[in-house]
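Student: Handing you this structure, nothing more for now.
Values quoted throughout were computed directly from the atomic coordinates according to the rules given, and no laboratory measurement underlies them. What you see is a predicted model, and the numbers here were worked out from it, not measured in a lab. Glycine also receives a Cβ, built like all others from the backbone with ideal geometry; neighbour counts cover every protein chain displayed.
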Amino acid sequence: MKVLLVNGSPNGAGCTATALGIVAKELNDAGVKTEVFNIGKKVSGCMACFACAKNKNNRCVIDDEVNKFLALAETADGFVFGSPVYFASGSGQMNSFLDRAFFVARNTLFPHKPAACLVSCRRAGASSALDNLNKYPTISQMPLVTSRYWNIVHGTTPDEVKQDAEGVQVMQYIGRNMAWLLKNIEAGKKAGVVPPTMDKGARTNFIR
């Protein structure tokens, strides 16, 4: 089993990375492999060209970090998406990244794979930012992994994040709950339990 942890911060070693590292340690301690993927500083937004829908190859026509991630997603069993809080939302890079990744593969690479979202903030805006991130897995048939409180850490530096005792524990519970759910899914597969089949998507437009 392997979990792909996505760092949506332009800072590859900041507060968000620290939070993801805490989650990764718990997963590793439970016998689950992990890989951290940094989306970097430059991620283009979706151009609404629909080339991915026409090609159906699980790749975006813009060949950047999104496609590198999608290649890794093919063999991942679960995901953790982390972002700093910018103006009460996820980072601009993270939102552009998720828009494209999920538009390409939300019906192919992501269904029935557990996901957790987490955010790092100095003070406020974390709840709305977390809600922003949660929209992606919850529209993609992904079981959402939760903790004992909202998936949030506070601090302006990695050291301050580590001093957020409750936030650290929240991150630890994310890792433990993710590992537990993955093991249950694996046990279910061995017992012959298969994911539900997906019908062709129904679309309703409200303009007649």
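Student: If contacts are Cα pairs under 8 angstrom and at least 6 residues apart, what is the relative contact order of the chain in percent?
Tutor: Relative contact order for the chain comes out at 23 percent.
Student: If Lys and Arg each add +1 and Asp and Glu each add -1, what is the summed charge of the other residues whose beta carbon sits under 13 Å from the beta carbon of Phe102?
Tutor: So the environment of Phe102 carries a net charge of +3.
Student: Could you tell me which label, among (1) 71, 40, 30; (2) 41, 37, 32; (3) 51, 43, 34, carries the value of Cα extents along the principal axes in Å calculated for this structure?
Tutor: For Cα extents along the principal axes in Å, the calculated option is (3).
Student: Could you sort the peptides 116-124, 187-195 by per-residue average Cβ neighbour count (10 Å cutoff), highest mean leading?
Tutor: 116-124, 187-195
Student: Among all helices in the chain defined by DSSP H, which have a length of 15 Å or more along the axis from Cα atoms plus a Kyte-Doolittle mean of at least 0.5?
Tutor: 15-29
Student: Could you tell me which of rounded, prolate or oblate describes the range 6-66, using a ≥ b ≥ c as the square roots of the eigenvalues of the alpha-carbon gyration tensor, with rounded for a/c under 1.5 and, failing that, prolate when a/b is larger than b/c and oblate otherwise?
Tutor: Oblate.
Student: Here's a follow-up. Can you tally the net charge around Glu65? Count Lys and Arg as +1, Asp and Glu as -1, for every other residue whose Cβ sits under 15 Å from the Cβ of Glu65.
Tutor: Result for the neighbourhood of Glu65: +1.
Student: Still on this structure, I have one more. How much length, in nm to one decimal, is gained on full extension between Cys49 and Ile207, taken as 0.36 nm per residue of separation minus their Cα-Cα distance?
Tutor: Gain on extension, Cys49 to Ile207, equals 54.6 nm.
Student: Continuing with the same structure: Stretch Ala124-Glu166 to full length: gain in nm at 0.36 nm per residue minus the Cα-Cα span?
Tutor: Value of the extension gain: 13.5 nm.
Student: Can you put Ile152, Ile62, Ile139, Ile207 in order of Cβ neighbours within 10 angstrom, beginning with the fewest?
Tutor: Neighbour counts put them in this order, fewest first: Ile207, Ile139, Ile62, Ile152.
Student: Also: Between Glu74 and Thr157, what length comes free when the chain is fully extended (0.36 nm per residue of separation minus the Cα-Cα distance, one decimal in nm)?
Tutor: Length gained, Glu74 through Thr157: 26.6 nm.
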